[in-house]
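Each reported figure results from applying straightforward, stated rules to the coordinates on display, with no laboratory input. Not measured: the values here are computed from a predicted model. So basically every Cβ, Gly included, is an ideal-geometry build from the backbone, and we count neighbours across all protein chains shown.
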Amino acid sequence: MSTSNGAVLSVEGLKKHFPVSRSLLGRTRQYLKAVDGVSFEIEPGMTYGLVGESGCGKTTTAKLILLLEEPTGGRILFGGEPVSGLKSDGLREYKASVQAVFQDPWASLNPRMRVRNIIGEPLEINTSLTKGEVRSRVAGLLEEVGLAPYQADLFPHEFSGGQRQRIGVARALALNPKLVILDEPVSALDVSIRAQIMNLLKDLQAEHNLSYLLIAHHLATVRHMCDRVGVMYLGRIVEEADTEELYENPLHPYTRALMSAALPSHPDIQRDEIILTGEVPSPLDTPPGCHFHPRCPARFDPCDSVEPVKTEPSSGHRVVCHLYGGA
Ligand code: SF4
């Protein structure tokens, strides 16, 4: 399957609004707009990064793509096909083709299962491989992620954090996916082994032409891993560009604030969290005009009343801000 533009995954105007309160008559009064019109594309073999502070909608976007939540609006296209129209075999193929690696390998691996069963389970459920074939596929996957075949007989607690994340990666690869969603894949790991896991993911991507959607708040990880990045604020992408362009020439005041907040004042300081001044407004009660205006050091006249629209000041570099004519 391929789209006319070649994207593995396209997300168009995706929305997830959660109803959060009801009147006495049962009418919904308020919505939490966790994802509010998000669009991006992921090309084969490419890594697209979504960054932003906690609660900006990154993980809900991932859950929508993984079909763990139903969208309120917009659509997801996989190889050009709307995912909402997929039935039985098509749906099964989509679920096999889109896998995930989560932040906490400890929580995502069943502690009572041997590694052989953890990695082999998707193969047993989704393929007609014999027991022997599953066994040898599991051994091959363990080797691919830098573990030894004999370790298939061990339990998750017999591994280090980094090794457990390798097991999570092996399980995600079992069904030969096209797209893997990496939800903060290294942020729970010791700094010393993050690079190893990131390099493993890059090697596997090159070998299998995998596409990745990387959800992360650690800007150095995103820069190392991604080809293109979308910056999310209150459920929307406010800036999107190829990685080097974004890091060298951030345009949106929010992106600039993220970048400067992530730069430690002393080289020995290891900063993982995005720390910005000012409270993130509640997604239940988003400010009028530009949603960033209460925290924006560059706000001017129209910002608190007129919503900016997306503009493209240079090729492929898109921003939603009045400073660039987005009115
Ligand atoms: Fe700041 Fe105005 Fe741009 Fe919003 S539109 S980011 S408030 S300058």
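Assorted remarks:
- Among 197, 119, a tally of other beta-carbon atoms within 10 Å of each Cβ gives an order, fewest to most, of 197, 119.
- Assigned charges on the beta-carbon of Lys, Arg, Asp, Glu; the range 1-137 dipole about Cα centre (debye): 580
- A Förster radius of 30 Å, combined with the Cβ-Cβ distance separating residue 154 from residue 202, puts the computed FRET efficiency at roughly 0.70.
- Computed helical MRE - 222 nm, the chain, DSSP H runs ≥ 4 contributing -39500 (n - 2.57), nearest 500: -9000 deg cm²/dmol
- Full extension of the chain between residue 227 and residue 309 yields a length gain of 27.1 nm, computed as 0.36 nm times the residue separation minus the alpha carbon distance.
- As a calculated quantity, the FRET efficiency between residue 260 and residue 143 at R0 = 45 Å, using C-beta atoms, amounts to about 0.55.
- Diffusion constant of the chain at 20 °C, which comes from Stokes-Einstein with the Kirkwood Cα-pair radius and 1.002 mPa s, µm²/s: 101
- When the charge dipole of the chain is built from unit charges on Cβ atoms (+1 for Lys and Arg, -1 for Asp and Glu) and taken about the Cα centre, the candidate among 19, 187, 306 whose Cα reaches farthest toward its positive end is 19.
- R0 of 35 Å, Cβ-Cβ distance residue 282-residue 112: FRET efficiency to nearest 0.05: 0.30
- Take the chain and mark each of the GluC sites (Glu not before Pro) that is in a DSSP loop with at most 13 other Cβ atoms within 10 Å; the longest unmarked stretch, sites excluded, is 1-272.
- Fully extending the segment from residue 128 to residue 30, taken as 0.36 nm per residue of separation minus the present Cα-Cα distance, adds 30.5 nm.
- Candidates 153, 227, 89, ranked by Gaussian network fluctuation over the chain, Cα under 10 Å, top entry: 89
- 13 Å reach of a label modelled at residue 92, 7 Å along Cα-to-Cβ, counting backbone N of the range 111-126: 123-126
- Lys, Arg +1 and Asp, Glu -1 on Cβ, resulting dipole of the chain about Cα centre, debye, nearest 20: 980
- Kirkwood hydrodynamic radius over Cα pairs of the range 107-223, then Stokes diffusion coefficient at 37 °C and 0.692 mPa s, in µm²/s: 224
- Over the range 124-184, the reciprocal of the mean inverse Cα-Cα separation, the Kirkwood hydrodynamic radius, stands at 12.4 Å.
- Debye intensity ratio in log₁₀ form over the Cα atoms of the range 1-135, taken at each q of 0.18, 0.21 Å⁻¹: -1.14, -1.29
- Fluctuation leader among 151, 99, 205 - the chain, Gaussian network, Cα springs under 10 angstrom: 151
- Taking the C-alpha atoms only, the angle from helix 161-173 to the longest principal axis of the chain is near 90 degrees.
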